[in-house]
Amino acid sequence: FTIAFLSALSAKDIHVDIDGAQLIKFDEEVSEIFIANPDIADVQLSNKTTAYVFGKSVGSTKLFAMNNQGKEILNAEIIVN
């Protein structure tokens, strides 16, 4: 089980191992976070500026994070190896 730190500004593709995790830090507060296929990866908002992405099975899926004004903060491809 590994956790790596990633800034949301630099994240376009987020690589995660199966049973591994990535820590994502946001520069602004997130009010909504969504992962397209929860069978491939899961995401948990730890607080308003930090999220964890967990790799569950090999594949790729999209992750979106929005602020409370509905502005997209992050649109990234999650790639699980």
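The values are calculated or read from the model by the stated rules, or taken from the named source; none is laboratory data. Remember, predicted model here, so these are calculated numbers, not experimental data. When we count neighbours, we look across all protein chains shown, and the Cβ atoms used for this are built from the backbone with ideal geometry, even at glycine. The area values use the complete protein model at the heavy-atom level, side chains included, leaving out ligands, DNA and RNA. Shrake-Rupley method; radii C 1.70, N 1.55, O 1.52, S 1.80 Å.
Where the convex hull is taken over the Cα atoms of region 37-81, what is its projected area averaged over directions, in nm²? Numbers along the way, then the final one.
Numbers: hull surface 12.4 nm².
For the Cα atoms of region 37-81, the hull's average projected area reads 3.1 nm².
Per residue, how many Å² of accessible area does the chain show with a 1.4 Å probe? If you can, show how the numbers build up before the last one.
Numbers: 4540 Å² over 81 residues.
Counting only protein heavy atoms, the per-residue value for the chain is 56 Å².
Please report, as a whole percent, how much of the solvent-accessible surface of the chain comes from carbon and sulfur atoms (probe radius 1.4 Å).
On the way: 2280 of 4540 Å².
Summing carbon and sulfur atoms, their accessible area is 50 percent of the total for the chain.
Can you check how the C-alpha radius of gyration of the chain compares to 2.2 N^0.38 Å, as a plain ratio?
Numbers: Rg = 11.3 Å, N = 81, 2.2 N^0.38 = 11.7 Å.
For the chain, the normalised Cα radius of gyration is 0.97.
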Practice task
Would you mind finding the longest exposed-site-free stretch of the chain, with exposed trypsin sites (Lys or Arg not before Pro) meaning DSSP loop and at most 13 other Cβ atoms within 10 Å?
Solution key: 13-47
Exercise for the section: Determine which aspartates and glutamates satisfy two conditions relative to residue 71: a Cα distance under 17 Å, and not lying fewer than 8 residues away in the same chain. Expected result: 27, 28, 29, 32
